[in-house]
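Written below as structure tokens is the structure these notes are about.
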Amino acid sequence: MSGNLYLIPSPIGNMKDVSPRVQETLLLCDYIACEDTRNTLKLLNILGIRKKCVSCHEHNELKISPSIIKDLKNGKNIGYLSDAGYPCISDPGHLLAKEAINNNITVVPLSGASAFLNALVGSGIDPSKFLFYGFLNSKSEDRKKELNNLKEVPFTVVFYESPHRIDKTLEDIYEVFGNRKITIARELTKIHEEFIRSTLKDLVEEKREYIGEMVLIINKYTASEEVSEELSDEEITKYLNTLLNNGVSSKDAITSLALLKKTNKNRIKAIYYSLNKDKN
């Protein structure tokens, strides 16, 4: 009788996210296949569990899977862990799970911590329908092609990104998607957990420093996808004067500016009357 392959999520930061079921499953496994034996051994040591660990990562998963499948067929129970969060989600494990299924071996996924789900529900952006995409291409030209294919997806879009690429990635997303609401979640479940809720335009202009792996939650596409840009009084004055100097009536200038720049009409009126109070 074949054993079971357990897909075991590992904590993304907070060790208290390891459930009793995860610990029980680790104990019953004959050995652990994992993305990085060093990281998994650290986790096992913290839990007080002593198990043999076998390396199974993106570069050797295809090669090592047959021997793991053989052990499973011989009745061994084997767990698979990636470094943080769920196996198979932007991490290795899928090829092994697929081979197990093809060989009629029971695959048992356990519940646990997930970076993109934590980020999504804490983002403040609509989580009812979303597309998880994972990592975009590292090359800007290819990344923009991916983004163009995603531009009009009517769902919240979720990306993973690393700190050394985040600035260029935000620039490319802003260029392709326009100015949408975005939440960046970083250091999830850790002491310095942070949710940065802003717009793509503001983040691109801020050029802030980001530390740690992060999740990007971006508002869905709509027909009027541009986020209302908060114009300064000086910008409103400039636009009003341009319209008025071109023969547009004050009423039409105020209405047009409110529609085109998605700015509060009463605010534009107040600025107009302030500019013209000395003329009355």
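Please treat every number below as a calculation from the coordinates, not as lab data. What you see is a predicted model, and the numbers here were worked out from it, not measured in a lab. Glycine gets a Cβ as well: all are built from the backbone with ideal geometry, and neighbour counts include every protein chain shown.
Odds and ends about this structure:
- Cubic angstrom per residue, convex hull over Cα atoms of the chain: 162 Å³
- Within a straight-line Cα-Cα reach of under 17 Å, K139 can be paired with the following aspartates and glutamates, leaving aside sequence neighbours fewer than 8 residues apart in one chain: E161, D167, E171, D172, E175.
- Exceeding the 27 Å Cα-Cα cut-off - candidates K63/K151; K201/K238; K238/K277: K63/K151
- Here region 62-215 is assigned +1 on the Cβ of each Lys and Arg and -1 on the Cβ of each Asp and Glu. Its dipole about the Cα centre then comes out at about 500 debye.
- Ordering of 136-142, 200-206 by packing is 200-206, 136-142, highest average first (other Cβ atoms within 10 Å, averaged per residue).
- Ranking V22, N246, T37 by Cα position along the charge dipole of the chain, where only Lys, Arg, Asp and Glu carry charges on their C-beta atoms, puts V22 farthest toward the positive end.
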